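I have placed the structure first, in the form of structure tokens, so that the comments after it can refer back to it.
The values are calculated or read from the model by the stated rules, or taken from the named source; none is laboratory data. As the structure is a prediction and not an experimental result, all values here were calculated from the model. We work out accessible area using only protein heavy atoms, side chains counted, and drop any ligands, DNA or RNA first. Shrake-Rupley method; radii C 1.70, N 1.55, O 1.52, S 1.80 Å.
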Amino acid sequence: INNKGWGRCVQDGDYCGWYGVRCEGGAVVEISLGTNNLQGTIPTLLLTSLPLLESLDLSNNVLSGSIPSVWGGGGAANPMVVSVLLSDNALNGEVPDVSGLRYLSTLRLANNQLTGAIPPLTASLHTIDLSMNAITGSITPSILSLP
């Protein structure tokens with residue numbers, strides 16, 4: 001776990017100085033906090049306040065609760081997202097609708113406690129890992145056509 005600089009950054013609002021956060025032009029484009037023993041839920045506000053986010057890695061932590069529903073349809077909170085890595089947590093609920101993420105190429109949600117059917121996917125998806133969950137239903141044609 002590396003938490004150097006967090007106290008200072010919280011006080012002065014300089015999120016770009018946080019460990020695991022990368023910015024371009026003052027905007028957060030990457031959060032890479034895999035294997036950091038993070039606990040709790042993924043705050044919806046975290047995702048809805050970062051419109052230029054491209055990469056989210058919160059894998060291999062102790063996160064619980066459902067994945068916020070902010071990526072579906074035409075109103076995706078982070079339309080530029082290319083990679084979502086949330087594997088190896090204790091996330092539950094349904095697999096989120098990511099159909100609004102038109103640039104998404106990698107979605108890794110393995111080894112959680114997700115349930116339900118696989119929702120609509122985006123055509124740009126190249127890699128998807130939903131293994132070790134309790135997903136039900138049929139495999140949609142969109143998965144079978146992945147490159």
query = Length gain on complete extension for the stretch V62 to I139, per 0.36 nm per residue less the alpha carbon to alpha carbon distance?
reply = 24.9 nm
ask   = In sequence order, what are the phi-derived ³J(HN,Hα) couplings for region 128-134 according to the Karplus relation 6.51 cos²θ - 1.76 cosθ + 1.60 with θ = phi - 60°, rounded to whole Hz, with x for glycine and proline?
value = 9, 9, 10, 5, 6, 10, 10
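What do you reckon, how do R102, R22 stack up by accessible area (1.4 Å probe), largest on top?
Values: R102 150, R22 95 Å².
Highest to lowest solvent-accessible surface, that is R102, R22.
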